[in-house]
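The values are calculated or read from the model by the stated rules, or taken from the named source; none is laboratory data. No experiment lies behind these values; they were computed from the predicted model shown. Virtual Cβ from ideal backbone geometry, glycine too; neighbours counted across all protein chains shown. Surface accessibility is based on the protein's heavy atoms, side chains included, excluding ligands, DNA and RNA. Shrake-Rupley method; radii C 1.70, N 1.55, O 1.52, S 1.80 Å.
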Amino acid sequence: MAEPLDRYDAELTTPDMVILELEAKDKVDAATQLAKRLHAAGRISDLDGFLKHVNAREHQLATGLPGGIGLPHARSEFVSRTSIAVGITKYGHALDFGAADGPATVILLIATPASSFSDHLEVLATLARSLSKESFRESLRRAYDPDMIAELINSSLVFFDH
């Protein structure tokens, strides 16, 4: 059974779910590396099954956002609780997630239980609003500390002014 999302106790990511200096050959490789972190943290039960859901979602519509953001995501029965794995690409590397303004240097893989449609939309919408701010994107890029990145992501969902 999936855990319900409590936005005031939302440990959506932890430092062990953050990859600094991510090097990936493409968006599928990046999603795979990030999903492995979620799997190791016990947030997803079937790595291959979850990745099939992520890749199916990627084929429906590009998940790149303006400002160098990749936001692959999926709802899946293999997800035990809403989680986010974060990748900050190595300097000089960027990945094409289909954004009109170019490739991504910050990738956030969102995993949500299949039964949690409203949680999925709330996390996506809240993160997209936070990521629309240049200052927030720059904070993520410049943090170079998994603890700080996890705190930025988690607090963005708790403190965002709706």
Residue check for VAL123: under 24 Å from ASP29 (Cα atoms), of a type outside the set (Lys, Arg) and in contact (Cβ under 8 Å) with a residue 40 or more places away in the chain: yes
Conditions: (1) buried (at least 17 other Cβ atoms within 10 Å of the Cβ); (2) modelled with pLDDT of 95 or more; (3) under 21 Å from ASP145 (Cβ atoms). LEU12 meets all but one. Number of the miss? (2)
Which of the following residues is basic (Lys, Arg), open to solvent by 10 Å² or more (accessible area, probe 1.4 Å) and assigned to a loop (DSSP other than H, G, I, E, B): ARG75, ARG81, ARG129, ARG57? ARG81
Kindly list, by first and then second residue, each pair from a residue in the stretch 99-114 that is within 12 Å of GLY68 (Cβ to Cβ) to a residue that is assigned to a strand (DSSP E or B) and of a type outside the set (A, V, I, L, M), limited to pairs with Cβ atoms under 7 Å and residues at least 6 apart or on different chains. ALA99/GLY64; ALA104/GLY64; ALA104/GLY70; THR105/THR89; ILE107/GLY70; ILE107/GLY87
Qualifying residues in the stretch 17-52 (those that are outside any helix (DSSP H, G or I) and of a type in the set (A, V, I, L, M)) - the one surrounded by the most Cβ atoms within 10 Å (Cβ to Cβ): ILE44
Scan the stretch 141-162 and report the pairs whose first residue is part of a loop (DSSP other than H, G, I, E, B) and whose second residue is at pLDDT 95 or above and surrounded by 18 or more Cβ atoms within 10 Å (Cβ to Cβ), with Cβ atoms within less than 8 Å and a gap of 6+ or a chain change. TYR144/ILE88
